[in-house]
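Engineer: Have a look at the structure that comes next, please.
The values are calculated or read from the model by the stated rules, or taken from the named source; none is laboratory data. Just so we're clear, the structure is a prediction, and the values are computed from it rather than from any experiment. Note that each Cβ is placed from the backbone with ideal geometry, even for glycine, and that neighbours are counted across all protein chains shown.
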Ligand SMILES: [Zn+2]
Ligand SMILES: [Zn+2]
């Protein structure tokens, strides 16, 4: 069969890390990881070493996003090669994690890392390259529905890797994805303070189309600010708590289709 | 008319304070107060001095509940009479606030203080003695629906005081209230770690009856824990983020009716 020609052959997956608590107030991943550290039965798979790991234990202890700086943005080449003295906690931690699970790009590195996050936005379950965002869930809160969604997704992800390692060939497929386009800030007054809120018609409408003329913000004095772009966009991370400090009310995305080849494990 | 005999005559209300940011990550009150500090038109009433005030500015700046300790629990007689040296930030702040708006119990004290809070629980709008809780809203997030509810309630509260001061007599009434009974902790393992979540059938069901045999918690290994009390209770503050550290999954309340006399301003 000629379809054989389009099969991508990829190396076996031997070591997988599952991270929770990269942000210390995102409870689902923290609780799952702590559970799996105590009892790993649920994440064991044939031929796979799976390591559950708390990314930012000091932030978890304080139930805060981070101590000094966002760990998720700390894995830069500059940080990873900086001398050890007087570093912000998360930069030091990024270096340790890079040593344990990397180094980035080396043959010693883990094959796959899943990084479990929560969002306060109404995004459902979202795979973002290697990270997984599940919401809506307030920071510092554990909701059973969000916990169980994350748990189920990790089950399927590990099942997939086990099947892949066993030699199963997965057929080609087309997946719909959302590609990030633009970061949208809140309207602000001349002092830089927020002067409007996400409009009630946009709040909780992650992934739904935003068309020219649709309400976007509501100012404190009751004025509606409309979306004036010409293209329909799909906002997400709408009103995420952690992004106020990043001057981001939401991001716009566009919908695309990606075609994936069939894949199977490379023969040795 | 004999009903006249049951009118409670109360002193005029001259000075009212409205607090936001007693907890620094509860955004509705913080944004309302900042708005009113810039422009007080909305809270001006005849014969009333209304002072908008940020309770915990350092916590607001860091968007965290508190710096050293919960300001809301810092107004104890011991704290208010302690010497000024080396105090936790919120204890020092409680002393300053007591000087500005009190002292507690003195004739210099403000007549009324409204203290604006948010909760992550699905409680709607709840008057708790002098404080007002509105939710659900994640910490660090500003939702327009919650903001507008709080704003509307404050409008009516100030309108009420203005009418009262003008001599209007308010008729007697009966109000249904919920009286707090018991604090319920999460189930825990022998190390004191949480071993169960609020059950999905209870989550978001603040103020709804919980009867003997109803699901209450779901353990991480999938077991349902039932409510076994004999009396029907009305849980609230269900899965509030800030109460994990207080070992509280929710509080139970019972429903009661309170009868209020007619009231009017005392003649001078
Ligand atoms: Zn995160
Ligand atoms: Zn509060």
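Here is a yes/no grid of residues against (1) farther than 28 Å from residue A:121 by Cβ; (2) modelled with pLDDT under 95:
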site	(1), (2)
B:135	no, yes
B:143	no, no
B:159	yes, no
B:162	yes, no
B:165	yes, no
B:175	yes, yes
B:185	yes, no
B:188	yes, no
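Engineer: I need every pair where a residue in segment A:128-140 that is at positive phi has its Cβ under 8 Å from the Cβ of a residue that is outside any loop (DSSP other than H, G, I, E, B) and away from ligand 1 (no atom under 13 Å from the Cβ), sequence separation at least 6 or different chains.
Structural biologist: Correct list of pairs: A:140/B:241; A:140/B:242.
Engineer: Continuing with the same structure: With B:147, B:164, B:160 as the choices, which residue is touching a strand residue (DSSP E or B) at 6+ places or on another chain (Cβ under 7 Å) and over 25 Å from residue A:241 (Cα atoms)? If you could, list the steps in order and put the result at the bottom.
Structural biologist: Numbers: B:147 fails: over 25 Å from residue A:241 (Cα atoms); B:160 fails: touching a strand residue (DSSP E or B) at 6+ places or on another chain (Cβ under 7 Å).
After applying the criteria, what remains is B:164.
Engineer: Here is a further query. Condition test on residue B:104, is it within 14 Å of chain A (Cβ to nearest Cβ), more than 16 Å from ligand 2 (Cβ to nearest atom) and either surrounded by fewer than 15 Cβ atoms within 10 Å (Cβ to Cβ) or part of a strand (DSSP E or B) (or both)?
Structural biologist: When the stated conditions are applied, residue B:104 does not pass them.
Conditions (1) in a strand (DSSP E or B); (2) more than 14 Å from every other protein chain (Cβ to nearest Cβ); (3) under 18 Å from the mean Cα position of the chain (by Cα); (4) closer than 28 Å to residue A:26 by Cβ, marked per residue:
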{"position": "A:176", "(1), (2), (3), (4)": "yes, yes, yes, yes"}
{"position": "A:183", "(1), (2), (3), (4)": "yes, yes, yes, yes"}
{"position": "A:192", "(1), (2), (3), (4)": "no, no, no, yes"}
{"position": "A:202", "(1), (2), (3), (4)": "no, no, no, yes"}
{"position": "A:239", "(1), (2), (3), (4)": "no, no, yes, yes"}
{"position": "A:246", "(1), (2), (3), (4)": "no, no, yes, yes"}
{"position": "A:253", "(1), (2), (3), (4)": "yes, yes, yes, yes"}
{"position": "A:258", "(1), (2), (3), (4)": "yes, yes, no, yes"}
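Engineer: Moving to a separate point now. Just the residues that are without any contact (Cβ under 8 Å) to a residue 24 or more places away in the chain and either surrounded by fewer than 18 Cβ atoms within 10 Å (Cβ to Cβ) or within 9 Å of another protein chain (Cβ to nearest Cβ) (or both), please, taken from segment B:224-237.
Structural biologist: Result: B:226, B:228, B:229, B:230, B:231, B:232.
Engineer: Sticking with this structure for a sec: Does residue A:218 satisfy the condition of being outside any strand (DSSP E or B), touching a helix residue (DSSP H, G or I) at 6+ places or on another chain (Cβ under 8 Å) and within 13 Å of chain B (Cβ to nearest Cβ)?
Structural biologist: Criteria not met by residue A:218.
Engineer: Then there's this: I'd like the residue in segment A:29-76 that is assigned to a helix (DSSP H, G or I) and free of Cβ contacts under 8 Å to residues at least 12 places away in the same chain and, out of all such residues, is nearest to the other protein chains (Cβ to nearest Cβ).
Structural biologist: Filtering segment A:29-76 for residues that are assigned to a helix (DSSP H, G or I) and free of Cβ contacts under 8 Å to residues at least 12 places away in the same chain, the one nearest to the other protein chains (Cβ to nearest Cβ) comes out as A:35.
Engineer: Ok, one more. Let me spell it out: the conditions are (1) within 24 Å of residue A:205 (Cβ to Cβ); (2) within 14 Å of another protein chain (Cβ to nearest Cβ), and residue A:140 meets all of them except one. Which number is the exception?
Structural biologist: Against the list (1) within 24 Å of residue A:205 (Cβ to Cβ); (2) within 14 Å of another protein chain (Cβ to nearest Cβ), residue A:140 comes up short only on (1).
Engineer: While we're here: So which residues in segment A:208-222 are closer than 19 Å to residue B:146 by Cα and touching a strand residue (DSSP E or B) at 6+ places or on another chain (Cβ under 8 Å), if there are any at all?
Structural biologist: Within segment A:208-222, A:215, A:216, A:217, A:218, A:219, A:220 meet the criteria.
Engineer: In addition: Report, ordered by the first and then the second residue, all pairs with beta carbons closer than 6 Å, sequence separation of six or more or different chains, a first member in segment B:87-111 that is not assigned by the TED database to the domain that holds residue B:162, and a second member that is modelled with pLDDT of 95 or more.
Structural biologist: Within 6 Å, no pair qualifies.
Engineer: Now for a different question. Restricting to segment B:123-157, name every residue that is assigned to a loop (DSSP other than H, G, I, E, B), away from ligand 1 (no atom under 16 Å from the Cβ) and more than 17 Å from residue A:199 (Cα to Cα).
Structural biologist: Selection gives B:123, B:129, B:130.
Engineer: Please work out if residue B:167 is touching a residue at least 12 places away in the same chain (Cβ under 8 Å) and away from chain A (no Cβ under 14 Å).
Structural biologist: Working: touching a residue at least 12 places away in the same chain (Cβ under 8 Å): yes; away from chain A (no Cβ under 14 Å): yes.
For residue B:167, the condition - touching a residue at least 12 places away in the same chain (Cβ under 8 Å) and away from chain A (no Cβ under 14 Å) - is met.
Engineer: Can I ask one more? Here is a list: B:153, B:128. Which entry is touching a strand residue (DSSP E or B) at 6+ places or on another chain (Cβ under 8 Å) and away from chain A (no Cβ under 14 Å)? So that I can check it myself, show each step before the final result.
Structural biologist: Details: B:128 fails: touching a strand residue (DSSP E or B) at 6+ places or on another chain (Cβ under 8 Å).
One residue alone meets the criteria, B:153.
Engineer: Now for a different question. With the condition kept exactly as written, say whether any residue in segment B:86-94 is in a loop (DSSP other than H, G, I, E, B) and either surrounded by fewer than 16 Cβ atoms within 10 Å (Cβ to Cβ) or within 16 Å of ligand 1 (Cβ to nearest atom) (or both). Talk me through it step by step, then tell me what you get.
Structural biologist: Filtering segment B:86-94 for residues in a loop (DSSP other than H, G, I, E, B) gives B:86-88.
Applying the additional criterion that residues be either surrounded by fewer than 16 Cβ atoms within 10 Å (Cβ to Cβ) or within 16 Å of ligand 1 (Cβ to nearest atom) (or both) yields B:86, B:88.
So far as segment B:86-94 goes, yes, one or more of its residues are in a loop (DSSP other than H, G, I, E, B) and either surrounded by fewer than 16 Cβ atoms within 10 Å (Cβ to Cβ) or within 16 Å of ligand 1 (Cβ to nearest atom) (or both).
Engineer: Here is a further query. Give just the number: which of (1) farther than 30 Å from residue B:166 by Cβ; (2) under 20 Å from the mean Cα position of the chain (by Cα) does residue B:77 not satisfy?
Structural biologist: (2)
Engineer: Consider segment B:11-34. How many of its residues are at pLDDT below 95 and surrounded by 24 or more Cβ atoms within 10 Å (Cβ to Cβ)?
Structural biologist: 0
Engineer: Next question. Which of (1) surrounded by fewer than 12 Cβ atoms within 10 Å (Cβ to Cβ); (2) not assigned by the TED database to the domain that holds residue A:112 is the odd one out, the single condition residue A:159 does not satisfy?
Structural biologist: (2)
Engineer: If you don't mind, another one. If you check residue A:119 against the conditions, is it surrounded by 15 or more Cβ atoms within 10 Å (Cβ to Cβ), within 19 Å of the chain's Cα centre (by Cα) and either within 30 Å of residue A:198 (Cβ to Cβ) or more than 16 Å from ligand 2 (Cβ to nearest atom) (or both)?
Structural biologist: yes
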